[in-house]
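Below is one structure, written out as structure tokens, with a few remarks after it.
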Amino acid sequence: MFMVIFLRVIVLIAFAVMGFFYEAFFVAPLPHLISGPLERTFVGLCFGAAVILIDIYFKRVSVKSILSVFLGGLLGLSASRLLMGVLAYLPFPEEVFKNAGVVTALWFSYLGAVIIVRGQSEFTTMIPFVKLHTKDSSAPVTILDTSVIIDGRVADMCETGFLFGKIIIPRFVLKELQLIADSADSLKRNRGRRGLDVLNRIKNNAKISVMIHEAEYPGVTGVDAQLVRLAKDLNAHIFTNDYNLNKVAELQGVSILNINELANALKPVVMPGEVLRVKVIKEGKEYEQGIAYLDDGTMIVVDNGRSKIGQHTEVTVTSVLQTPAGRMIFARFGEEGVRPVV
């Protein structure tokens, strides 16, 4: 950061010196407005400030977009050059030919830049270093969704070594996290800050490789749609706990790693007839039902358990129901069952 500020100060000084000493450069365009050295110095500072403002503006634009604009402009100029080379054989007046050259150069440069920017993902073969080539790599590539970052369990998975390879965090996901962290709502703000803390934990983990990807898709609306598009471009997995994103990505052939599905798969197996020791904490929806929970959050519906609210007691599992949201265990009192191993 210090070096950038130093370079900007040098630019301002250089333009001010040019304005003070090179009279013809500044006076020729506006001879009636600029005459003395102080006026020229001021105009030089304005030129330098304009250059710095352009630099600040492009700071918010990804390197990929800037390179795409330059590439599109060069292709447009090349097309204009070819066209004017053909028109040179036609009997146009010299003045008309010069004017046509300027117009076609501007026209083709604009069209080339716009076409390349709008189709960046299709033109990544022309700018190969802005895209990760992972098909020939043995290490898997995983893209993190905003929801799974805020969830926080992904950092624990990275630290235990169950998530490895290259971790991709898109720039648009970072922007969404920043917006959540700056929200006026205290709950959203805390969630956003938690997500940023989780990212710092992942970044400081020496076991994995973390990369901020600068992909942008101006024609694609919504973070979920951009995640799916990026996963297709990189041949990567999306790590999420968003149910809707899960379904949309599967329909488009993108591999999904759902942390909730993983958590459900790792829950201990409970069979009918086993005896569990639980604490009934509240009443259920049906008559005389009580509700308890296992350590992993699995809900247990206890028949006739209302009278045991606030007490630790042993119940016998009668059935287990698997739902899209997770497992639900039904149990009752007064039956001898098989003691669980764990």
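The values are calculated or read from the model by the stated rules, or taken from the named source; none is laboratory data. Just so it is clear, the structure is predicted and the values come from calculations on it, not from any experiment. So basically every Cβ, Gly included, is an ideal-geometry build from the backbone, and we count neighbours across all protein chains shown.
A few points about this structure:
- Meets criteria (assigned to a helix (DSSP H, G or I), crowded, with 18+ Cβ neighbours inside 10 Å, touching a strand residue (DSSP E or B) at 6+ places or on another chain (Cβ under 9 Å) and without any contact (Cβ under 8 Å) to a residue 40 or more places away in the chain) for N246: yes
- Failed item, numbered, when V301 is tested on (1) in contact with a Phe, Trp or Tyr (Cβ under 8 Å, 6 or more places away or on another chain); (2) over 30 Å from F162 (Cα atoms); (3) in contact (Cβ under 8 Å) with a residue 40 or more places away in the chain: (3)
- Scope segment 125-156; condition modelled with pLDDT under 85, assigned to a helix (DSSP H, G or I) and surrounded by 16 or more Cβ atoms within 10 Å (Cβ to Cβ); matching residues: V130
- Considering residues of segment 255-273 that are at pLDDT below 80, touching a strand residue (DSSP E or B) at 6+ places or on another chain (Cβ under 9 Å) and hydrophobic (A, V, I, L, M, F, W, C) only, the residue surrounded by the most Cβ atoms within 10 Å (Cβ to Cβ): A263
- Residue selected from segment 5-60 under the condition modelled with pLDDT under 75 and closer than 28 Å to E214 by Cβ, by the criterion surrounded by the most Cβ atoms within 10 Å (Cβ to Cβ): F58
- Screening I180, I212 for residues that are assigned to a helix (DSSP H, G or I) and in contact with a helix residue (DSSP H, G or I) (Cβ under 8 Å, 6 or more places away or on another chain) leaves exactly one candidate, I180.
- Segment 284-299, subset of a type in the set (G, A, S) and surrounded by 15 or more Cβ atoms within 10 Å (Cβ to Cβ), residue farthest from the chain's Cα centre (by Cα): G290
- Qualifying positions in segment 300-313 - farther than 10 Å from I281 by Cα and surrounded by fewer than 18 Cβ atoms within 10 Å (Cβ to Cβ): N304, S307, T313
Listed here are the residues, each with its yes/no results for (1) touching a residue at least 60 places away in the same chain (Cβ under 8 Å); (2) among the basic types (K, R).
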residue	(1), (2)
F164	no, no
Q178	no, no
K188	no, yes
N204	no, no
R229	yes, yes
N235	yes, no
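- Some residue of segment 97-111 being at pLDDT below 85, in a loop (DSSP other than H, G, I, E, B) and surrounded by fewer than 12 Cβ atoms within 10 Å (Cβ to Cβ): no
Residues checked against (1) assigned to a strand (DSSP E or B); (2) of a type in the set (V, I, T); (3) touching a residue at least 40 places away in the same chain (Cβ under 8 Å); (4) exposed (fewer than 14 other Cβ atoms within 10 Å of the Cβ):
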site	(1), (2), (3), (4)
V275	yes, yes, yes, no
K282	yes, no, no, yes
V315	yes, yes, yes, no
R327	yes, no, yes, no
